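Take a look at the structure below.
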Amino acid sequence: MKAQTTPEVSQSGRRFDVTIAGEINLDLILYGLPQEMPVERELLASKFQVTLGSSSAIVAHNLAALGMKVGFVTRIGPDDFGKLALERLAESGVDLSHVQSGVGTSGTGVTILLPHERERHMFTYLGTIAELTTESLPLEYLEDSRHFHLSSLYLQRGLQPGLVALLRHLKAAGMTISLDTNDDPDGTWGGILNDILELVDVLLPSEGELMRMTETSSLDEALDVMGKRVPLIVVKCGARGALVYQNGESHVVPGLSVVPVDTIGAGDSFNAGFLSAYLRGATPVEAARMGNVTGALSTQGAGGTEAFRNAGLREGFLRKYRG
């Protein structure tokens, strides 16, 4: 794990560009398994990969790989999964000085993914993912930043009771806030989301997620509903690219044409690219173009971070497509 160094101060006078309080786990990816799986049979995968997982950690890793100063607060269990996940995250330069390690008895969360071309099975053990609480967060550390990003809203069950107060505190400290809810395993799309939306500056959903959270049947309807509550919505539309909605106007930002190796984590990688550009002063449309580039870059390796870990691949891809 990379040793912590003396903190640097960004041009804003704050230590970080982005702080994140969120989940970390490993993704265990098994390729080549059938979509319909019989029980009591030994099914053989054609390939296996262990990668850094979880939306929050992938965004943090890839933001740092793109040159942003990132502070990350998370909780891991007393196990090797947590240690390996932190080692992967530390490689990118993310500050991990406030990680909560070995607290409680739960193990570090883990996700098993079975890709099937455009769809995939996902199985998650929450473990410490659900145990991080707002009471345990170092507020001075989090607010020493220009921006706060929140991912995996419905998995972070320990954060939810104090989340409104936390976000209000960070807004009062002059920070902007972005949110990617990711999926709601219960399928309700309510509760805490309705409580915090007015505190969110940038919402980063997928097309399907936005329609589910607004209970609408079309993207236009969903944007009309959500646009009354959030000032900037950036919708991820897969290979088609992205759509930026602001002040009642929509702007389609076409995606890149690449042959994917793996689409796991592409949405989180889009978030990292968008935020890295947006916080450097790009317009939302310009930032979405960068998000499309980094989302496509992610598909060139396994999981959400392997393409970013390969410096030659990362820099060559960015030179070719960033313009």
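The values are calculated or read from the model by the stated rules, or taken from the named source; none is laboratory data. Since the model is a prediction, treat every value here as computed from it, not as a measurement. Here the Cβ positions follow ideal geometry from the backbone for every residue, glycine too, while neighbour counts run over all protein chains shown.
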Filter segment 290-323 for residues that are among the hydroxyl-bearing types (S, T, Y), farther than 16 Å from A60 by Cβ and outside any helix (DSSP H, G or I) and give the result. T299
If I go through segment 260-275 residue by residue, how many of them are at pLDDT 95 or above and more than 30 Å from R146 (Cβ to Cβ)? 0
Does segment 8-26 include one or more residues that are farther than 29 Å from L167 by Cα, at pLDDT 95 or above, out of contact with any Lys or Arg (no Cβ under 8 Å at 6 or more places or on another chain) and not charged (D, E, K, R)? no
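For every residue, the table says whether it meets (1) of a type in the set (D, E, K, R); (2) at pLDDT 95 or above.
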residue: I58; (1), (2): no, yes
residue: N62; (1), (2): no, yes
residue: L66; (1), (2): no, yes
residue: K69; (1), (2): yes, yes
residue: G77; (1), (2): no, no
residue: G102; (1), (2): no, no
residue: S106; (1), (2): no, no
residue: T111; (1), (2): no, no
Among the residues of segment 77-112, which ones are in a strand (DSSP E or B), β-branched (V, I, T) and buried (at least 17 other Cβ atoms within 10 Å of the Cβ)? V110, T111
Can you list the helices (runs of 4 or more DSSP H) found entirely within segment 127-231 that contain at least 3 residues being within 25 Å of V244 (Cβ to Cβ)? 163-172, 192-196, 207-214, 219-226
If M122 passes every condition in (1) free of Cβ contacts under 8 Å to residues at least 12 places away in the same chain; (2) of a type in the set (A, V, I, L, M, F, W, C); (3) surrounded by 17 or more Cβ atoms within 10 Å (Cβ to Cβ) but one, which one does it miss? (3)
What is the residue count in segment 224-255 for residues that are in contact with a strand residue (DSSP E or B) (Cβ under 8 Å, 6 or more places away or on another chain) and over 21 Å from L179 (Cβ atoms)? 4
For segment 247-273, pairs from a residue that is touching a residue at least 60 places away in the same chain (Cβ under 8 Å) to a residue that is basic (K, R) and buried (at least 21 other Cβ atoms within 10 Å of the Cβ), with Cβ under 6 Å and 6 or more apart or across chains, are G267/K236; F270/K236
Just the residues that are of a type in the set (A, V, I, L, M), assigned to a strand (DSSP E or B) and without any contact (Cβ under 8 Å) to a residue 60 or more places away in the chain, please, taken from segment 43-65. V50
Conditions first: (1) touching a helix residue (DSSP H, G or I) at 6+ places or on another chain (Cβ under 7 Å); (2) hydroxyl-bearing (S, T, Y); (3) touching a residue at least 60 places away in the same chain (Cβ under 8 Å). S106 passes all but one, so which condition is the exception? (3)
Can you tell me which of E131, E117 is farther than 30 Å from P34 by Cβ and at pLDDT below 95? E131
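A quick yes/no check of all residues on (1) buried (at least 22 other Cβ atoms within 10 Å of the Cβ); (2) more than 21 Å from the chain's Cα centre (by Cα):
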residue: P138; (1), (2): no, no
residue: Y154; (1), (2): no, no
residue: G162; (1), (2): no, no
residue: D180; (1), (2): yes, no
residue: R229; (1), (2): no, yes
Within the bounds of segment 213-221, is there any residue that is closer than 16 Å to H251 by Cα, in contact with a Phe, Trp or Tyr (Cβ under 8 Å, 6 or more places away or on another chain) and either at pLDDT 95 or above or surrounded by 18 or more Cβ atoms within 10 Å (Cβ to Cβ) (or both)? no
E40 - would you say it is more than 20 Å from H116 (Cα to Cα) and without any contact (Cβ under 8 Å) to a residue 60 or more places away in the chain? yes
